[in-house]
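This is the structure I have questions about; it appears just below.
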Amino acid sequence: MKMPKSRPQPPRPDRRRSIRGSFSWIDHRFLREGFDQGLTRLEKLLYFVLVAVSNQDGVSFYSDARLAELLDIRFPHELEAARNELVARDLIAYAGGIYQVLDLPVRSSQNGHDGSCSRPDHTPRSSPSLPPVRRNALREAASDLESVKQLLKRWGFRG
């Protein structure tokens, strides 16, 4: 008879986490099945913050201003782009200022941790010939360029 593996014991059993007053969790499949693949740091961070502040239905009432403050976002287009990407990947819903973290879509075995796209229409967000790291670098560079343009505009430079 095979002995079951024993569970590792926490180094600090006196500090086990428990849910008090609020409710959140991150589905292990988010990382194990590659739902995070191709997301920028900001997109991942927005997802994790929304998970942390949502109720048992995945709903968050945090304003864009508060999320921008929490995420250290200076320009509204950065939050909007991150939100739009999470919506396009069917990870969150957004309507009327209300966010909802969605139950992760079911993946077939062929769509597992191969970094394939999790968007509902299964189309890649950008050129499939570019590796995900390159696509992220291009998207982040475009976001940085837009940020610089907005700063220059605010400082009165005309381009």
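The values are calculated or read from the model by the stated rules, or taken from the named source; none is laboratory data. Keep in mind that this is a model prediction, so the values were computed, not measured. Cβ placement follows ideal geometry from the backbone for every residue including glycine, while neighbour counts extend to all protein chains displayed. Ligands, DNA and RNA are stripped out before the accessible areas are found, and what is left, the full protein with its side chains, is counted by its heavy atoms. Shrake-Rupley method; radii C 1.70, N 1.55, O 1.52, S 1.80 Å.
What tally of residues in segment 87-106 results from selecting those that are open to solvent by less than 60 Å² (accessible area, probe 1.4 Å), out of contact with any Gly (no Cβ under 9 Å at 6 or more places or on another chain) and within 19 Å of L31 (Cβ to Cβ)?
Residues in segment 87-106 being open to solvent by less than 60 Å² (accessible area, probe 1.4 Å), out of contact with any Gly (no Cβ under 9 Å at 6 or more places or on another chain) and within 19 Å of L31 (Cβ to Cβ): 4 in total.
To continue, here is another question. Which ones in segment 52-63 are within 19 Å of P76 (Cβ to Cβ) and loosely packed, with under 13 Cβ neighbours inside 10 Å?
F61, S63
Of all helices (runs of 4 or more DSSP H) completely enclosed by segment 14-102, which ones contain at least 3 residues that are free of Cβ contacts under 8 Å to residues at least 12 places away in the same chain and within 26 Å of R154 (Cα to Cα)?
In segment 14-102, the matching helices (runs of 4 or more DSSP H) lie at 64-71.
Consider segment 46-105. How many of its residues are in contact with a Lys or Arg (Cβ under 6 Å, 6 or more places away or on another chain) and among the aliphatic types (A, V, I, L, M)?
2
Return the residue satisfying two criteria in turn: it lies in segment 95-116 and is under 17 Å from the mean Cα position of the chain (by Cα) and over 23 Å from S63 (Cα atoms), and of such residues it is modelled with the highest pLDDT.
L104
Per-residue answers, yes or no, for (1) touching a Pro at 6+ places or on another chain (Cβ under 9 Å); (2) over 28 Å from R107 (Cβ atoms); (3) at pLDDT 95 or above:
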residue	(1), (2), (3)
L45	no, no, yes
V49	no, no, yes
P76	no, yes, no
A81	no, no, yes
E85	no, no, yes
R89	yes, no, yes
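Kindly provide the set of residues from segment 64-86 that are open to solvent by 60 Å² or more (accessible area, probe 1.4 Å) and either hydroxyl-bearing (S, T, Y) or within 12 Å of the chain's Cα centre (by Cα) (or both), ordered by number.
Selection gives N84 alone.
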